[in-house]
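The values are calculated or read from the model by the stated rules, or taken from the named source; none is laboratory data. This is a predicted model, so every value here is computed, not measured. Here Cβ is always computed from backbone atoms with ideal geometry, including for glycine, and neighbour counts include all displayed protein chains. Keep in mind that these areas ignore ligands, DNA and RNA; they rest on the heavy atoms of the full protein, side chains included. Shrake-Rupley method; radii C 1.70, N 1.55, O 1.52, S 1.80 Å.
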Protein chains: 2
Amino acid sequence: MIRIGILGYGNLGRGIECAVKQNDDMELAAVFTRRDPASVKIQTEGVPVYKAEDAIAHKDEIDVLILCGGSATDLPVQTPEFVKSFNVVDSFDTHANIPTHFANVDAAAKASGKIGIISVGWDPGMFSLNRLYANCILVDGSDYTFWGKGVSQGHSDAIRRVKGVKNAKQYTVPVPEALEAVRNGENPELTTRQKHTRECFVVPEEGADLAQIEKDIKTMPNYFSDYDTTVTFITEEELIRDHSGIPHGGFVIRSGKTGWNGENNHIIEYSLKLDSNPEFTTSVLIAYARAAYRLNKEGQCGAKTVFDIAPAYLSAKSGEELRAHLL
Amino acid sequence: MIRIGILGYGNLGRGIECAVKQNDDMELAAVFTRRDPASVKIQTEGVPVYKAEDAIAHKDEIDVLILCGGSATDLPVQTPEFVKSFNVVDSFDTHANIPTHFANVDAAAKASGKIGIISVGWDPGMFSLNRLYANCILVDGSDYTFWGKGVSQGHSDAIRRVKGVKNAKQYTVPVPEALEAVRNGENPELTTRQKHTRECFVVPEEGADLAQIEKDIKTMPNYFSDYDTTVTFITEEELIRDHSGIPHGGFVIRSGKTGWNGENNHIIEYSLKLDSNPEFTTSVLIAYARAAYRLNKEGQCGAKTVFDIAPAYLSAKSGEELRAHLL
């Protein structure tokens with residue numbers, strides 16, 4: 001049994017707990033939290049909850065520690081720190097800072113002899129893998145990534161900071177015509193506005209100026225001003241009833257040419273349609289936790305990404321079984 | 001430069017030649033053929049064509065030999081034989097015989113210190129990879145593979161053997177309603193007939209009994225009797241004008257549940273739409289040739305499949321570049 005530890009019991013931490021339950025070769029060993037452990041009620045019977053600062057004391061009870069913090073401030077500190085004592089997996093998703101994060105984790109992991117797999121999930125993660133495979137196969141081609149339909153936490157938060165807004169949920173939606181043009185091999189050059197629209201469901205405070213809220217949202221730089229944005233005002237009850245889920249998904253498409261004179265076109269498309277963004281992300285994390293465990297057993301250490309790990313390491317099945325049933 | 005050799009100059013061999021041209025870190029070193037080399041005209045200037053039986057004499061001129069023979073009789077003999085002298089990649093696609101083929105290639109490759117990557121292409125190959133990744137992520141779920149729309153060489157050949165048939169082309173077509181049900185997460189149990197239809201375009205010999213031909217095709221066991229099959233009679237000119245391409249493609253879909261009580265559903269879909277089946281296959285083969293070269297340089301040997309190879313090995317780019325631009 002691979003003994004899994006969870007650091008941080010939010011949406012991701014709860015998702016890991018569910019994923020461990022689905023994988024017969026794993027067991028949940030402990031949950032570590034920055035809150036008062038007595039206040040954290042987990043679902044798995046008989047598993048202890050400890051203070052995050054006590055994690056190191058339990059390092060011999062855990063094979064892989066999954067870091068469920070955020071990319072902005074938690075993981076840049078936590079991943080290099082905890083890889084000194086544990087094999088770790090994180091979902092660091094600030095694309096621009098991945099090279100620095102990788103270097104920091106790699107140095108710490110090589111010193112400790114542990115494995116740190118970073119940026120695991122679906123983007124970065126499965127989408128990255130599909131971009132890589134498709135680029136290696138169709139050398140002469142164009143990449144397209146569309147996100148959604150799904151909830152963007154960052155954009156929902158941005159709306160909540162607008163004056164007069166009580167609550168809000170924002171959906172990122174791919175433009176169907178753009179998707180279709182890409183699938184048809186037309187290789188369009190697409191602007192930000194042509195790729196995605198943004199749908200906002202907003203609960204206003206009582207007596208708020210609705211026209212002003214709508215204007216403030218639609219003109220917000222970076223978040224909304226470059227998009228066709230719709231704002232729909234709803235009640236708190238409607239928000240809870242119709243918009244409580246955290247669905248997401250998207251499309252990675254590569255369109256490319258082969259042949260002596262590039263005469264043949266090919267489309268590779270990978271898509272996800274997810275009821276729960278955090279539960280899918282954690283299902284990917286847990287598969288890579290298995291890889292971290294095995295690679296470290298083989299004597300490997302250092303920082304890794306999904307690019308560095310042979311797919312067979314993700315599976316609980318033997319090479320023989322995989323070749324016989326999935327190849 | 002990675003020096004590529006081609007064994008067998010048919011559709012796959014010609015595809016490899018085109019793919020080498022697209023990859024700046026590779027060069028075509030030689031083509032080996034069972035025909036008279038003087039009769040084989042290749043497209044690349046200045047590259048020699050040799051007799052297949054003389055290949056061993058040129059082993060020091062070649063880093064990876066790509067075996068472009070068929071799975072029925074060529075590859076079971078060729079791959080274990082040539083891996084005694086070369087790093088090799090093949091597209092062995094008889095799923096049921098993969099375990100035996102792997103064992104034969106593995107023994108020979110371990111004895112010679114070479115790498116033999118088998119069953120590379122899109123199915124087996126990219127479809128297999130997607131089945132594996134999706135199974136590791138969505139542990140509780142169902143797999144669906146649909147093929148087409150595309151030309152099945154085996155079924156076209158079967159029609160050509162029917163009495164009164166001069167020429168024919170067969171398309172395998174996924175049933176749209178079945179695809180839709182799978183995408184909707186309905187997890188349908190699908191019979192052979194419910195998944196694919198077969199469209200046959202047949203050029204009859206002069207004076208042939210068309211009704212008899214249609215009956216012979218539609219009732220042919222294994223090939224057609226389990227499918228809804230349509231037969232359309234056309235002229236040789238129409239066949240050449242409208243059905244000369246070798247397009248193919250398909251869909252690998254996994255539908256699975258996560259959550260403490262399996263309350264959330266997820267769909268992972270991978271699809272290919274290919275103008276040229278052999279050119280796409282060879283584009284995959286050449287990426288794995290790069291991996292074979294690198295793995296062998298690192299001192300590895302033995303048989304491998306797509307499951308055993310970390311994605312980064314397929315790319316000409318460095319780990320730093322991949323992390324900065326594709327992750």
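Before we go on, tell me the buried accessible area for the A/B pair, both chains summed, 1.4 Å probe, in Å² to the nearest 100. All intermediate terms of the calculation are to be shown ahead of the outcome.
Details: alone 16580 and 16530 Å², together 26980 Å².
The contact between B and A buries close to 6100 Å².
What FRET efficiency do you get for residue A:61 and residue B:103 if R0 is 56 Å and r is their Cβ-Cβ distance, rounded to the nearest 0.05?
0.90
For residue B:2, which sequence-distant residues (separation of 5 or more, or a different chain) have an amide H within less than 5 Å of its own amide H, given hydrogens modelled in the peptide plane?
It is B:26, B:27, by chain and number.
In debye to the nearest 20, how big a dipole does chain A give about its Cα centre with +1 on each Lys and Arg Cβ and -1 on each Asp and Glu Cβ?
About 480 debye.
Roughly what % of DSSP beta bridges within the range A:189-270 run antiparallel, to the nearest 5?
55 percent
Summing Lys, Arg as +1 and Asp, Glu as -1, what charge do residues with Cβ under 15 Å from the Cβ of residue A:236 carry, residue A:236 excluded?
Neighbourhood net charge equals -1.
Along the range A:229-242, what does the Karplus equation 6.51 cos²θ - 1.76 cosθ + 1.60 (θ = phi - 60°) give for ³J(HN,Hα), rounded to whole Hz, x for Gly and Pro?
10, 10, 10, 10, 8, 9, 8, 4, 4, 5, 4, 5, 5, 9
With charges set only on the Cβ (+1 for Lys and Arg, -1 for Asp and Glu), what does the dipole of the range A:68-201 come to about its Cα centre, in debye to the nearest 20?
The dipole magnitude comes to about 600 debye.
Per residue, how large is the accessible surface of the range B:20-96? Use a 1.4 angstrom probe and give square angstrom.
Accessible surface, normalised per residue, equals 48 Å².
Using a cut-off of 13 Å between beta-carbons, work out the net charge of the residues near residue A:295 (Lys and Arg +1, Asp and Glu -1, residue A:295 not included).
+2
Starting from the Cα-Cα distance between residue B:96 and residue B:219, subtract it from 0.36 nm times their residue separation and give me the gain in nm to one decimal.
41.8 nm
Within 10 Å, at most 15 other Cβ atoms, and a DSSP state outside H, G, I, E, B define an exposed site. Report the longest part of chain B free of exposed GluC sites (Glu not before Pro).
Excluding the exposed sites themselves, the longest stretch runs over B:46-185.
Counting only heavy atoms of protein chains, what accessible area per residue, in Å², does the range B:153-273 have with a probe of 1.4 Å? Write down the numbers at each step before the final one.
Numbers: 5970 Å² over 121 residues.
Per-residue accessible area for the range B:153-273 comes out at 49 Å².
I need the shape label for the range B:274-327. Rule: rounded when a/c is under 1.5, else prolate if a/b > b/c, else oblate, with a, b, c from the alpha carbon gyration tensor. Don't skip to the end; give the middle numbers.
Working: a/c = 2.29, a/b = 1.12, b/c = 2.04.
Oblate shape, in that a/c is at least 1.5 and b/c is the bigger or equal ratio.
Over the Cα atoms, compute the radius of gyration (one decimal) and Dmax (the largest Cα-Cα distance, rounded to a whole number) for the protein assembly as shown, in Å.
Taking only Cα atoms of the protein assembly as shown, I get Rg and Dmax of 27.0, 88 Å.
Do the alpha carbons of any pairs in A:149/A:169; A:317/B:304; B:21/B:317; A:297/B:114 sit beyond 20 Å of each other, and which pairs?
Over 20 Å Cα-Cα: A:297/B:114.
Would you work out the relative contact order for chain B, in percent, from Cα pairs under 8 angstrom that are 6 or more residues apart?
Reported relative contact order: 21 percent.
From the residues B:172, B:130, B:184, which one has its Cα farthest along the dipole of the range B:127-249 in the positive direction, the dipole being from +1 and -1 charges on Cβ of Lys/Arg and Asp/Glu about the Cα centre?
Sorting the options by dipole projection puts first B:130.
Hey, can you grab everything whose amide H is under 5 Å from the amide H of residue A:65? Only 5+ residues off in sequence or another chain; H modelled, so Pro and N-termini drop out.
Close amide H contacts, sequence-distant or interchain: A:5, A:87, A:88, A:89.
Restrict the search to the range B:102-207; then list the trypsin sites (Lys or Arg not before Pro) that DSSP places in a loop and that have at most 13 other Cβ atoms within 10 Å of their Cβ. Spell out each step's value before the answer.
Values: sites: B:110, B:114, B:131, B:149, B:160, B:161, B:163, B:166, B:169, B:183, B:193, B:195, B:198; in loops: B:114, B:149, B:161, B:163.
Passing sites in the range B:102-207 are B:161, B:163.
If you take the alpha carbon radius of gyration of the range A:11-152 and divide it by 2.2 N^0.38 Å, what ratio comes out, to two decimals? Numbers along the way, then the final one.
Working: Rg = 17.1 Å, N = 142, 2.2 N^0.38 = 14.5 Å.
This ratio for the range A:11-152 stands at 1.18.
Any idea how far apart residue A:316 and residue A:189 come out in nm if each label point goes 7 Å out from Cα toward Cβ?
5.1 nm
At 222 nm, what helix-only mean residue ellipticity would the protein assembly as shown give, in deg cm²/dmol to the nearest 500, using -39500 (n - 2.57) for each DSSP H run of four or more?
About -10000 deg cm²/dmol.
Quick one: net charge around residue B:29, please, counting Lys, Arg +1 and Asp, Glu -1 for every other residue with C-beta under 15 Å from its C-beta.
-4
May I ask you to compute the full-extension gain from residue A:325 to residue A:157, defined as 0.36 nm times their residue separation minus their alpha-carbon distance, rounded to one decimal in nm?
Full extension of this stretch gives 56.0 nm more.
In terms of modelled amide H atoms, which long-range or inter-chain residues lie less than 5 Å from the amide H of residue A:168?
Here A:203 satisfy the definition.
Rounded to two decimals, what is the ratio between the C-alpha radius of gyration of the range B:212-323 and 2.2 N^0.38 Å? Each step should come with its number before you reach the end.
Details: Rg = 22.1 Å, N = 112, 2.2 N^0.38 = 13.2 Å.
In units of the 2.2 N^0.38 Å rule of thumb, it is 1.67.
Take the alpha carbon gyration tensor of the range A:68-156, find the square roots of its eigenvalues, order them as a ≥ b ≥ c, and report rounded if a/c is under 1.5; if not, report prolate when a/b exceeds b/c, else oblate.
oblate
Rounded to the nearest 20 debye, what is the charge dipole size of the range B:255-327 about its Cα centre when +1 sits on each Lys and Arg Cβ and -1 on each Asp and Glu Cβ? If you can, show how the numbers build up before the last one.
Numbers: 8 positive and 8 negative charges, 42 e Å.
Roughly 200 debye for the range B:255-327.
Karplus couplings for the range B:205-212 from phi (6.51 cos²θ - 1.76 cosθ + 1.60, θ = phi - 60°), rounded to Hz, Gly and Pro as x?
These are the phi-based 3J(HN,Hα) values: 6, 4, x, 5, 7, 5, 4, 5 Hz.
Out of all DSSP beta bridges in the range A:167-228, what portion is antiparallel? Express it as a percent rounded to 5.
On the way: 8 of 9 bridges.
Roughly 90 percent of the DSSP beta bridges within the range A:167-228 come out antiparallel.
Could you give me the ³J(HN,Hα) list for the range A:77-93, computed from phi with Karplus coefficients 6.51, -1.76, 1.60 and θ = phi - 60°, whole Hz, x at Gly and Pro?
3J(HN,Hα) across the range A:77-93, in whole Hz: 8, 5, 4, x, 6, 6, 6, 5, 10, 9, 6, 10, 9, 10, 10, 3, 10.
Determine how many Å³ per residue the convex hull of the Cα atoms of the range A:26-72 encloses.
On the way: hull volume 4.8 nm³, N = 47.
Once divided by residue count, the hull of the range A:26-72 is 103 Å³.
Could I get the Rg over Rh figure for chain A? Both from C-alpha atoms, Rh via Kirkwood, rounded to two places.
Result for chain A is an Rg/Rh of 1.01.
Expressed as cubic angstrom per residue, what is the convex hull volume of the alpha carbon set of the range A:239-294?
It comes to 106 Å³ per residue, whole-number rounded.
At a 1.4 Å probe, what is the % contribution of carbon and sulfur to the accessible area of the range B:200-327?
That share works out to 47 percent.
So for chain B: antiparallel DSSP bridges make up what percent, rounded to the nearest 5? If you can, show how the numbers build up before the last one.
Numbers: 31 of 60 bridges.
Just about 50 percent of them are antiparallel.
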